[in-house]
């Protein structure tokens, strides 16, 4: 049906002027190239360059020719939105959301709700309608992931504890933005805020998200791993973009947007072991079409509107900066972060970016957004982007000022609350693990059971009644119950292990009460699905009577066999879900209030490369602990003192912000002429003649550390026209010609 719809639309579509399409694309890309080179030169985000290029290509700039047909740019921009959301999904992953924890969810929720209310109120004060004020609140509530990541990298702050907290909040905000797009679309189409309709839209979104997540996580990693040997860069690009566009089309068929489907597919692929490679091969596609989207945003900039609305632009910029600082800091404090981390996080979120443009584009497409709001929001985004680095730098001075002038009693209460929130008991952590497992199991299996019920009610029953009127209902009920049986049993089984239940009950006798309540709740949900299915096929009386009997039979007859089968399915599902994380060395960056886990890549000029950890003095000199070492595909958890560190290792380091910032440049140090990690194509058999000033003179092969310091292999030495096979005691002399396998650019330092 989907294919038929697409083909019918293609037949009825008007002819495309290919020449004008290509000429418009060429024109905006040339402008984009010039402006982005300029913005790179002045060390500003290239996104701003794209917006300037769009303004130069628009009819509002009369000194250059404009694009011939704006619909051509809209066409490319729509592809840009799809690819951009797919790329954002690749950085998201459901596993990241789970690891982000409740702190990020609560903080993001406080920011989004607070900024939505502030934007809605300011919109009314500026004279906008309800729907425009609502969209404005949505645009002002999303910080820019792209700008923040760039600012952190430029300021060398990515390894600070507050940076990991901000990244977690941004991940959750991305999910909230997708949810907000669905809610705003529903409100715009109904032209009112109807609670029932909104609840239906949100419930439908959650249902399809869980279904896509479950099916994608179970199938895609397995399929990709089985075909790993065929997946080079070319085929992986085709497969990933095909999955992206296919899910986008399916999303439209289900009543959602193209962008939502692309985001979901990206988030599914983000959990696979191919995620980094997919990000790499799709990066040029994202850069190309993403640039066209931002250029199309710039085409909406109208200088006349900006001049006329200079006051609203300044007001909204102040609202974004002030609101993000207040709500971000408050959200972090509520979730138990220290005052320093909370202030640093709040001051990092003071801008709006790509999702503001996407929400604005959605409003324009739905025909509910006032055209003057678009350039106003673009101007606010540009202004707050320029100020972001300055506010990030202001965080520490502001913290020092606040800490110095904060009343002693309030300071004591904040520290006490932070310590209490971070010092989670063993029982609390056990309950947290148990509840997470309980919730995801109920949601996952409920979604599968709902899907089976809908298929049976909407498609299977009518077809069977048409084919076999007498036996149709019985066959439909039998087939549906058989399909539901494993999932009904899996939902009914305890979400906790026997040892976990014993530990909870031993800690406090009252803990058996919530465990019993949770079990009863799961059983009632499972029983409810059976009753609903039979009631929809027959009648309510049949559903209640036979539903209970069938459910009891499933529990007792199929218990052991189905339990083993579902256990294998769950294990496979969790392995696929954790596939990418199992190859990494860290699970969570948050340790306690003043310590966190950071990951560093050992550079070629690191002073303790090749040394044993016990000899490196890392703990005694820098006060940190090495928690793990990731070497290629090998993980070394809690390495011993005899373990050596080599270039390219990813080491997990536990310490305070100050300790980690001190150690970071030392660990990641590179030679002055270092051009990046040595690639297989960079390794060559080459010769180097030692001069009188060579650093190897007077050293023997064992002392030279050629393999660790220069990543090379010594093959032979030519001395006095003769070739020598070296051993560990061979000493280097002037004018020796060394034959080595390595990177010629690195080996030139041996001369």
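Summary table
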{"read-out": "Those helices (runs of 4 or more DSSP H) lying entirely in region 448-511 with at least 3 residues at pLDDT below 80", "value": "472-492, 498-507"}
{"read-out": "Residue within region 181-189 that is part of a helix (DSSP H, G or I), more than 29 Å from residue 375 (Cα to Cα) and modelled with pLDDT under 80 present", "value": "no"}
{"read-out": "Odd one out for residue 324, checked against (1) buried (at least 18 other Cβ atoms within 10 Å of the Cβ); (2) more than 19 Å from residue 171 (Cβ to Cβ)", "value": "(2)"}
{"read-out": "Options 150, 160; residue that is at pLDDT below 85, surrounded by 16 or more Cβ atoms within 10 Å (Cβ to Cβ), more than 17 Å from the chain's Cα centre (by Cα) and in the same structural domain as residue 353 (by TED's automatic domain parsing)", "value": "160"}
{"read-out": "Matching option when the condition is modelled with pLDDT of 80 or more, over 30 Å from residue 80 (Cα atoms), loosely packed, with under 14 Cβ neighbours inside 10 Å and not assigned by TED's automatic domain parsing to the domain that holds residue 310, among 412, 401", "value": "401"}
{"read-out": "Residues being assigned to a helix (DSSP H, G or I) and at pLDDT 85 or above - total across region 334-356", "value": "7"}
{"read-out": "Selection from region 618-655 of residues that are exposed (fewer than 15 other Cβ atoms within 10 Å of the Cβ), in a strand (DSSP E or B) and touching a strand residue (DSSP E or B) at 6+ places or on another chain (Cβ under 6 Å)", "value": "637"}
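The values are calculated or read from the model by the stated rules, or taken from the named source; none is laboratory data. This one's a predicted model, so the numbers in the text were calculated from it and none came from an experiment. Ideal geometry is used to build each Cβ from the backbone, glycine not excepted, and the neighbour counts take in all protein chains shown.
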